[in-house]
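Below: the structure, in structure tokens.
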Amino acid sequence: MRTALVCGAGGFIGSHLVRRLKTEGFWVRGVDLKQPEYSTSAADDFVRGDLRDPLLCRDIADRRFDEVYQLAADMGGAGFIFTGENDADIMHNSATINLNMLDAMKRAGIARVFYSSSACIYPERNQEDPDNPNCAEDSAYPAAPDSEYGWEKLFSERLFLAYARNHGMDVHIARYHNIFGPEGTWRGGREKAPAALCRKVAEAAEGGTVEIWGDGRQTRSFLFIDECLEGTTRLMRSEVSGPVNIGSDEMISINDLARMIAGFSGKRIDIRNIDGPTGVRGRNSDNRLIRASLGWAPGRPLAEGMRKTYDWIVSQLALAA
Ligand code: NAD
């Protein structure tokens, strides 16, 4: 039986990935500080523990897993990453996890490893025009990410690639672009734009107002979780090391995203743009490399996944009421 280790298995992407690997027939060990918030983990073995502890990392990497997915990171949406208040934790915690896990995997003789980097590594200078951002993989250097979260990801990309060079590891790195879907964080300060907007729209009364951070003309693309997992497993099982973008290239402004979600609600809703952390002006996934190297790229329409996410958040609000 094939075996997989998922670090960050209590998180949004990790908990979905565990479920997918189970349907593919893997024996799966998940590790996280916490259990998934909205469902029971599908992992055969779920270890609650802190990956900043090198001894825990050695304990969980106790066999030659066929696949290891390193998704654990101290992360959140703009309200967490761009305020500056969490910078030291973000850098220290995530870098420590990556350093520990690579050392543990090297000791265990584990070969095939996936690392989730982020579109946040791309230089701010290429993302000032909301209509024409440049996020081609080879535009990452000279490096100038707009957050410490992005700098840590860039460092860790290099760390994984160094282990590949020096210790023969079979490393696969994705730069995820705004992954969303059911069972993602939707309140509490770490939620990202799609979930936050779904919640705000769902909570608004007919004729009410929804507040959007910034002027709302900043653009992004958003990838539904199912396609993220498809890209992740395809990349993991390919000969491609990357880093490769895994994202949608259907770019939309944040105000238009709010309008799309308001459309699902059937309510008449006004938008008020207010001051708030926003990040770069424009970002879109450049999918030329993934298409050329994997012969595949995400293609489902944004509205399809957004509607599922909106319906899920409405159901969560009903449960909370
Ligand atoms: P998430 O926050 O839901 O999951 C991360 C998990 O890591 C959490 O469950 C958290 O408890 C766990 N974790 C943090 N510190 C830990 C520690 N010390 N020990 C053990 N577990 C720890 O985030 P996600 O959206 O599922 O993202 C997964 C990965 O993908 C992260 O590395 C993230 O940076 C990356 N990524 C995500 C997106 C996105 O849009 N969701 C975009 C770019 C990159």
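For the range 1-23, filtered to residues that are of a type in the set (D, E, K, R) and either in contact (Cβ under 8 Å) with a residue 24 or more places away in the chain or closer than 18 Å to ALA108 by Cβ (or both), the residue that is farthest from the ligand (Cβ to nearest atom) is ARG2.
Based on this model, can you work out whether LEU229 counts as outside any loop (DSSP other than H, G, I, E, B), more than 24 Å from PHE12 (Cβ to Cβ) and not assigned by TED's automatic domain parsing to the domain that holds TYR310? No: the conditions fail for LEU229.
For the range 41-73, a residue qualifies if it is under 14 Å from ILE13 (Cα atoms) and surrounded by fewer than 21 Cβ atoms within 10 Å (Cβ to Cβ), and the qualifying residues are SER41, ALA42. Using the structure shown, decide if ILE246 is under 22 Å from ARG112 (Cβ atoms) and either hydrophobic (A, V, I, L, M, F, W, C) or at pLDDT below 95 (or both). Against the criterion (under 22 Å from ARG112 (Cβ atoms) and either hydrophobic (A, V, I, L, M, F, W, C) or at pLDDT below 95 (or both)), ILE246 qualifies. Scanning the range 239-256 for residues that are of a type outside the set (A, V, I, L, M) and in a loop (DSSP other than H, G, I, E, B) gives GLU239, SER241, GLY242, PRO243, GLY247, SER248, ASP249, GLU250. When the range 118-129 is filtered for residues that are in a loop (DSSP other than H, G, I, E, B) and either under 18 Å from HIS172 (Cβ atoms) or over 21 Å from the mean Cα position of the chain (by Cα) (or both), the ones remaining, listed by number, are GLU128, ASP129. Out of the residues in the range 155-177 that are surrounded by 21 or more Cβ atoms within 10 Å (Cβ to Cβ) and not in a strand (DSSP E or B), state the one that is farthest from the ligand (Cβ to nearest atom). Out of the qualifying residues, it is MET169.
Exactly one residue out of GLY189, GLY181 is more than 10 Å from the ligand (Cβ to nearest atom) and at positive phi: that is GLY189. From the residues in the range 24-38 that are closer than 19 Å to ASP66 by Cα and not charged (D, E, K, R), which one is farthest from the ligand (Cβ to nearest atom)? So, considering only residues that are closer than 19 Å to ASP66 by Cα and not charged (D, E, K, R), the one farthest from the ligand (Cβ to nearest atom) is GLY25.
The values are calculated or read from the model by the stated rules, or taken from the named source; none is laboratory data. All values reported here derive from a predicted model rather than from experimental measurement. Ideal geometry is used to build each Cβ from the backbone, glycine not excepted, and the neighbour counts take in all protein chains shown.
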